Amino acid sequence: MRTVLNPPPLSAYQKLIDLSLAEDIGTGDVTSNLVIPAAHRGSARIEARTALTVSGLFVVGEVLRAVNPEIRIEGAAKEGETVEAGRVLMRLEGSLRGILAAERTALNFLGRLCGVATLTRLYVATVTHTECQIVDTRKTLPGWRALDKFAVACGGGTNHRFALYDGILLKDNHIAAAGSVENAVVAALRGATPGMRVQVEVESLEDAENACRAGADFLLLDNQTPDQVRAIVRHLGDRATLEASGGITLANLKQYAETGVHRISLGTLTHSAPAADVALELEDGTHARAPA
């Protein structure tokens with residue numbers, strides 16, 4: 001059964017669209033305004049130039065509507081769908097000036113989000129022979145978090161906490177400030193909102209055991225080798241959900257997943273994903289008429 005992907009609300013990225021269009025169009029598209037009659041209409045398609053996993057078509061639609069609400073949009077692919085090179089992702093019809101004015105901003109959003117989804121899909125595919133989940137982090141482009149995390153979900157990844165306010169993660173600095181793993185865990189569990197899990201970053205088997213003894217059942221195994229992760233997995237069994245992170249790449253991902261760890265979190269998914277190659281092309285027969 002295909003997972004239902006619910007895009008973030010427009011309010012989560014409206015400011016990004018506004019800033020992007022203001023940056024790119026400014027006082028107007030000088031080129032199109034000089035060579036394309038204002039009343040001219042045309043048709044165009046947005047297509048994948050390489051194989052990719054789709055994410056961000058809903059943003060493209062909002063960009064186009066912001067430039068010219070009369071542009072007709074027809075989706076030809078679905079969020080989270082993996083397509084081959086040449087696949088049409090969306091068809092457009094309406095003001096040619098509007099379509100071309102929106103083109104770069106729309107493709108910037110789409111290329112970025114398809115890139116994150118495509119990279120995530122690659123990581124997910126690498127561990128499908130295990131039960132390990134691929135998880136994102138807060139290492140997202142400032143202002144883009146809702147979109148970046150949606151793209152991860154499109155690629156089959158799992159979203160970690162969205163921000164500092166909706167999940168507790170005791171990292172090394174929190175533990176140092178609290179004086180010990182035990183002190184940090186006890187304080188967090190005592191004050192946590194009901195239903196909010198407390199995750200603890202640990203750097204050794206001893207730290208992991210101490211965290212569990214203090215009541216933690218969700219551990220982040222930071223910068224551990226596959227052998228170290230495997231040892232912690234065997235020692236703790238089902239006492240805690242275990243997530244590995246730090247120093248994990250596509251080259252060693254399979255080794256980590258095969259340790260039996262439940263989750264692997266990677267900042268790479270969002271901070272290093274290359275943009276996917278997408279393009280907008282006018283349909284045959286679409287051309288500007290010479291001035292009368």
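In the stretch 112-124, the residues that are without any contact (Cβ under 8 Å) to a residue 24 or more places away in the chain and closer than 10 Å to A151 by Cα never reach a residue that is of a type outside the set (S, T, N, Q) and surrounded by fewer than 23 Cβ atoms within 10 Å (Cβ to Cβ) with C-beta atoms less than 9 angstrom apart, at least six apart or across chains. Scanning the stretch 107-127 for residues that are out of contact with any helix residue (DSSP H, G or I) (no Cβ under 9 Å at 6 or more places or on another chain) and within 16 Å of Y256 (Cβ to Cβ) yields a count of 3. All of E258, E209 fail the test of being more than 20 Å from the chain's Cα centre (by Cα), closer than 30 Å to T118 by Cα and surrounded by fewer than 18 Cβ atoms within 10 Å (Cβ to Cβ), apart from E258.
In the list V233, V229, which residue meets the criterion of being touching a helix residue (DSSP H, G or I) at 6+ places or on another chain (Cβ under 8 Å) and hydrophobic (A, V, I, L, M, F, W, C)? Spell out how you get there, then give the answer.
Details: V233 fails: touching a helix residue (DSSP H, G or I) at 6+ places or on another chain (Cβ under 8 Å).
Unique residue meeting the criteria: V229.
Yes or no: E93 surrounded by fewer than 24 Cβ atoms within 10 Å (Cβ to Cβ), acidic (D, E) and within 25 Å of Q14 (Cβ to Cβ)? When the stated conditions are applied, E93 passes them.
Return the residues of the stretch 139-160 that are of a type in the set (K, R) and surrounded by fewer than 17 Cβ atoms within 10 Å (Cβ to Cβ); say none if nothing qualifies. Residue satisfying the conditions is K139 alone. When each of E70, E74 is tested for being surrounded by fewer than 19 Cβ atoms within 10 Å (Cβ to Cβ), out of contact with any Phe, Trp or Tyr (no Cβ under 7 Å at 6 or more places or on another chain) and in a strand (DSSP E or B), the lone residue that passes is E74. Can you find a residue that is assigned to a helix (DSSP H, G or I), more than 18 Å from C154 (Cβ to Cβ) and at pLDDT 95 or above anywhere in the stretch 35-55? Within the stretch 35-55 (the criterion being assigned to a helix (DSSP H, G or I), more than 18 Å from C154 (Cβ to Cβ) and at pLDDT 95 or above), the answer is yes, since at least one residue qualifies.
When you scan the stretch 205-292 for strands (runs of 3 or more DSSP E) that lie fully inside it, which ones turn up with 3 or more residues that are closer than 30 Å to L100 by Cβ and in contact (Cβ under 8 Å) with a residue 60 or more places away in the chain? Write out each step before concluding.
On the way: elements: 218-222, 241-245, 263-265, 278-282.
Passing ranges, in order: 278-282.
To keep it simple, each residue is scored yes or no on (1) of a type outside the set (G, A, S); (2) out of contact with any strand residue (DSSP E or B) (no Cβ under 6 Å at 6 or more places or on another chain); (3) modelled with pLDDT under 95.
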position	(1), (2), (3)
V63	yes, yes, no
A66	no, yes, no
A77	no, no, no
G86	no, yes, no
I99	yes, no, no
N108	yes, yes, no
L113	yes, yes, no
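The values are calculated or read from the model by the stated rules, or taken from the named source; none is laboratory data. As the structure is a prediction and not an experimental result, all values here were calculated from the model. Because the Cβ atoms are built from the backbone with ideal geometry, glycine has one as well, and the counts that use them run over all protein chains shown.
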